[in-house]
């Protein structure tokens with residue numbers, strides 16, 4: 001089985017519940033096509049480097065996928081149709097990262113720095 005990382009950006013005006021529903025929908029598509037989602041990470045609402053379809057921010061979500069290439073083709077086809085997704089990217093990887101991704105570790109590190117700063121004041 002091939003390993004993939006699929007990241008998509010959802011519109012900024014969606015609620016967290018709607019973003020979770022998009023991730024669940026993507027997971028369902030993968031599982032219906034004989035694939036498996038091993039990890040789902042929601043990176044949160046982040047600023048974009050430039051406007052995309054009048055959006056300055058987007059919800060970032062990453063899925064680690066195991067499955068044949070047909071899974072990715074169907075997932076990308078369904079993602080392209082969905083109006084709530086403004087960008088997506090799927091890449092093939094040699095192996096999935098154990099534990100949290102780099103983005104999740106960065107969020108934890110930034111939160112720790114903020115807490116330390118608040119304690120000093």
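None of the figures in this text is laboratory data; all of them are computed from the coordinates on show. Since the model is a prediction, treat every value here as computed from it, not as a measurement. Ideal geometry is used to build each Cβ from the backbone, glycine not excepted, and the neighbour counts take in all protein chains shown.
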Length-normalised contact order of region 34-96 in % [C-alpha pairs under 8 Å, at least 6 apart]: 33 percent
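Rank-order 79-85, 9-15, 61-67 by packing density, defined as the average count of other C-beta atoms within 10 Å over each peptide's residues, highest first.
Ranking the peptides 79-85, 9-15, 61-67 by packing returns 61-67, 9-15, 79-85.
Please work out the Kirkwood hydrodynamic radius for region 74-118, using every pair of different C-alpha atoms, and report it in angstroms with one decimal place. List each step's numbers first, then the result.
Details: mean 1/r = 0.0724 Å⁻¹.
Hydrodynamic radius (Kirkwood, Cα pairs) of region 74-118 is 13.8 Å.
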Helix-only estimate, please: 222 nm mean residue ellipticity of the chain, summing -39500 (n - 2.57) across DSSP H runs of length 4 or more and dividing by its residues, to the nearest 500. -13500 deg cm²/dmol
Sorted largest first, extent of region 1-62 alpha carbons per principal axis (Å): 37, 22, 18
Provide the FRET efficiency to the nearest 0.05 for the residue 32-residue 98 pair, computing r from the beta carbons and using R0 = 25 Å. 0.40
For a quick check, take a GNM of the chain with Cα springs below 10 Å and name the residue from 58, 70, 26 with the largest mean-square fluctuation. 70
Report the full-extension gain for the segment residue 39 to residue 106: residue separation times 0.36 nm, less the Cα-Cα distance, to one decimal in nm. 22.3 nm
